[in-house]
Amino acid sequence: MQMMILGSVIRRKGVVAMDLDHIDRQILVILQENARIPLQELADQVGVSRPTVHDRVKKLLHRGYIAKFYADVDPELMGYPVLAWVGLLTDQGDSAHRTLDELRAIPEIEAAYVVTGHFDILVKVRAQTNSHLQKILFEKVDRVFGFQRSETMIVLSAAVEKNGLDPSLWSGMPKSTEKLSKL
C-alpha cells in the first residue's frame, strides 16, 4: 500500500504528487467502488465533462493515486473457500529475500506482509479444504528457506471488509455532498 498525504505535495519515486480537489476525490471514491464505471457515467456523477474525467483519471494514474484496476474474483466460487492467516517466524538478514521469493512462488499464497511484532511475516493463504490447507502448510510453507515456526488462524467469517481506503479518512474530503450522497 502506498501512503499519501492528500492535499499537500509529496515526492514518491521521483513523482510529485498533485493536490487533490473535490472532483479528484469524488472520482477516486466512485472508482474505488466501481472501477468499471463508464467514463460518461463517471463524468455525470461528478458533474464535469467526459474529457475532463478522462484527463483527471490519467493524471491520477500517472501520479500513483490509482495503483491499478483489477477484477475482484470471488475465491469461494473459484473453489478456494478456506482463508487462513499464517504468522511466520523466519531467519533474518539477507536470507529474508530468499524466504519471500519462495513464498511468492506458492500459488495458494494470496499475500505476504513483512510485519513487526511477534511474527516476521504474515501470510494470507487460500485453500480448497482444511486438509488442503494442512497440505499447503506442511509441504510448502514449512519448507521455505529460513522457516522456523508458524501459527495458523483460519478465518471463520469476514466481520469487516472494506474495498480500499475509507474516503472519510482523506483530509479535506467533503463529508456530504449531493454528488457523493448518490453513492
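Where a number appears in this text, it was derived from the coordinates with a stated rule and is not lab data. Fair warning: this is a prediction, and the values are worked out from it, not measured in the lab. All Cβ positions, glycine included, derive from the backbone under ideal geometry; neighbour counts span all protein chains shown.
What FRET efficiency would be calculated for the residue pair Ala105, Asn163, taking the C-beta separation as r and a Förster radius of 25 Å, to the nearest 0.05?
0.35
Less than 16 Å from a label point 7 Å out along the Cα-to-Cβ axis of Thr152: which backbone N atoms in segment 93-136 qualify, by residue?
What the label zone holds, given the 16 Å backbone N cut-off, is 106-111, 122-136.
Quick one: length gained pulling Arg36 to Phe145 fully straight, 0.36 nm per residue minus the C-alpha distance?
In short, 35.2 nm is gained.
Kindly state, to the nearest 0.05, the FRET efficiency for Asp94 paired with Lys135, given R0 = 25 Å and r defined as their beta-carbon distance.
0.25
Once the Cα gyration tensor of segment 82-154 is diagonalised, what are the square roots of 5 times its eigenvalues, in whole Å and ordered largest first, as equivalent ellipsoid semi-axes?
The equivalent ellipsoid of segment 82-154 has semi-axes of 19, 12, 10 Å.
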